[in-house]
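Here's the structure, in C-alpha cells; my notes come after.
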Amino acid sequence: MIQRPKNKRVLFLIRAYNDLDHIAPVIWKMASMGYGVDYLLTAGDFPDDYRIRVIEDAGAKRLNCRIISGYYERVRGRLKFSLLRRINDWGVALVFGCLFLRRHSTTCIVVEWAGADGRAQAPFFLRSARIMGLPTIAIPHGYHTWLDNHFNETTQRAINETGKLPQLADRNQFSLYVVQSENIKRYCSDSGILEENLEVLGSARFCSEWSKINQRLCSSLGAKFSSHNDQRILVVFFLNHWQYNVDRGRCLRLLKAIGAEDQVRLVIKGHTRGRDAGGLSLSEEKMLDQLGNVLYPDEKIHSPDLVEQADLVVVYGSSICFEALRQGKVIVWPRFVCANPTIFDEGGVVTVAESEKEVIETIRAVAKGKKLFPSQALLDAFFYTHVEGDSAQATVLERYAKRIGTYLE
C-alpha cells in the first residue's frame, strides 16, 4: 500500500440512508488505498449497518462534534427568530466548526449532492471549511435516470414560469461537483451548475467492483421470501417517488393484477425515502393484503438481497434497475405507469411493457421457464455509458479516490 500523509484527512458527511448507500463505496475505497479518512453522521444514526462496519474495517474513523450536535439538537430549535438563528449558526461554525476541523487535520470535505451549505448539521462544517479556505466536494446520493427536464411538478412549474429548470447556482461554491454520466452532467448544467465545476466519474454505487461486494454483504442479512418448495415465482416490485409523474392508480391496478396471479408471490418494496415519498398507504396495503400472497419487506431487508431472491423484477424510474441488471434478473419496465422517459427505455436491456396485459404475459412466460435476458454486448454498452465509463485505466472507485485525493496532496 502506498504510504499517504496522515496529517491530511478527508471528512465525509453522511446524512441519510441514500447518502450512505452511494457514498460508502468511496469511503471504503479511499480508506483501503491508505488515505486518511474520517466520517461524521449529520442526522441520526445507522446502528449495525453493514456499510458502516465495512468502511470502519477498512480504516475510516468516525468523528462527532458534541458541541455542534448539542447545539443543533437541543438549542437551535428553541431560537424563535430566524435572524437570531442565522447569527448563532454562523457563530457556531466560525468558532467550533473551525476548531473541530483543525483538531482533526481535515483537509477537504465530501458531502452529498445538495445546496452549498448542505443539510442537517452539514452547514456547520461546510461553512467552516470555506472560512478556512478548504475545498468542498459534492458527490452523488442517488442516480438521476430521467432523459428530459419535466420529470416532476417542481421542474415542470419552473420551466413553465421561467423557461428553465430550478437553478442551483449556489452549488458552484463547491470546489468540485461529481456526477455519474454525461446525461446527469447535462441536467446539472441546465440547472445552473458551471461546466468547469462538473466532473463525470461514474457511479460508485452501481459500479462492478462495489456491486459484487455489496451483494455478498447483503445476501445473508435479511429474511428469505423464496423457497425451493414453493412452485410460485417470486416477483419483486420496486416503487418509486409518486411525485415523479407516476400514475398511482395504474400502478395500484398493476400491483393488484400481479398479485392475483396464482403462480406468483409478490414482494413490494417501497422507496428508501419513506412511505409518503414512494410507499403504499395503509389502506392500499390492506387492499392488496386481501390477495393473500403479497409481502412487504421492512427497512432491514436491503434491495440487493431482494433482487437476488427474485425470479423477476418489476421497476420503473428507479436506479435499482442497475442492481437487477448486475445480477442477471429478468426485468419488466412498465412504461405506462410513469410518463417520464428514462435511460432504461432504450438500449434493449429491459423488457418494456406498455400495458398490464404485457406485464402479466411476461410473468407467465417466466413462470414457464422462458429466459428473457439482454446480450452481454448490450449490457456492456449500457453500463459503459451510464455507470462505468472508460475503466481500462482506472476503476470507478479508483477514479473517485484519486480525484478526491488530489486535494490531500
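Read-outs throughout are calculated quantities, based only on the coordinates presented, and are distinct from any laboratory measurement. Source: prediction; values computed, not measured. Note that each Cβ is placed from the backbone with ideal geometry, even for glycine, and that neighbours are counted across all protein chains shown.
Quick notes on this one:
- Proxy reagent accessibility, fewest Cβ within 10 Å first, across Leu11, Leu280, Leu63: Leu63, Leu280, Leu11
- Against the chain, whose longest principal axis comes from its Cα atoms, helix 248-259 is set at around 50 degrees.
- Equivalent ellipsoid, the chain (semi-axes from 5 times Cα gyration tensor eigenvalues, Å): 38, 23, 22
- Cα gyration tensor shape for the stretch 25-66, rounded if a/c is under 1.5, else prolate or oblate: oblate
- This ranking places His302, His144, His241 by how few other beta-carbon atoms lie within 10 Å of each, fewest first, which gives His241, His144, His302.
- Part-to-part distance (alpha-carbon centres) for the stretch 358-396 and the stretch 35-53, which is given in Å: 32 Å
- The angle separating the long axis of helix 153-162 from the principal Cα axis of greatest extent in the chain is about 60 degrees.
- Fewest-first sequence of Tyr143, Tyr407 by Cβ atoms within 10 Å of each Cβ: Tyr407, Tyr143
- Residues considered: Thr106, Thr155, Thr395. Largest GNM mean-square fluctuation over the chain, using C-alpha springs under 10 Å, is found at Thr155.
- For the chain, the longest principal axis of the alpha carbon atoms and the long axis of helix 122-131 meet at an angle near 40°.
- Under 5 Å from the amide H of Val314 lie the amide H atoms of Val236, Phe237, Phe238, Val332, each residue being 5 or more positions distant or on a separate chain, with H modelled from the backbone and absent for Pro and chain starts.
- Computed over the chain with a Gaussian network model linking Cα atoms closer than 10 Å, the most mobile of Glu112, Glu358, Glu161 is Glu161.
- Of Leu134, Leu83, Leu168, the one that fluctuates the most in a GNM where the chain has Cα springs shorter than 10 Å: Leu83
- Cα-only radius of gyration and Dmax that characterise the stretch 1-99, units Å: 16.0, 52
- Under-5 Å amide H pairs with Leu168, H placed in peptide plane, nonlocal only: Gly192, Ile193
- One compactness figure for the stretch 224-384 is 0.97, namely its Cα radius of gyration divided by 2.2 N^0.38 Å.
- With the helix formula -39500 (n - 2.57) applied to DSSP H stretches of n ≥ 4, the chain reaches a computed 222 nm mean residue ellipticity of -10500 deg cm²/dmol.
- Distance from the alpha carbon centroid of the stretch 300-336 to that of the stretch 67-146 works out to 36 angstrom.
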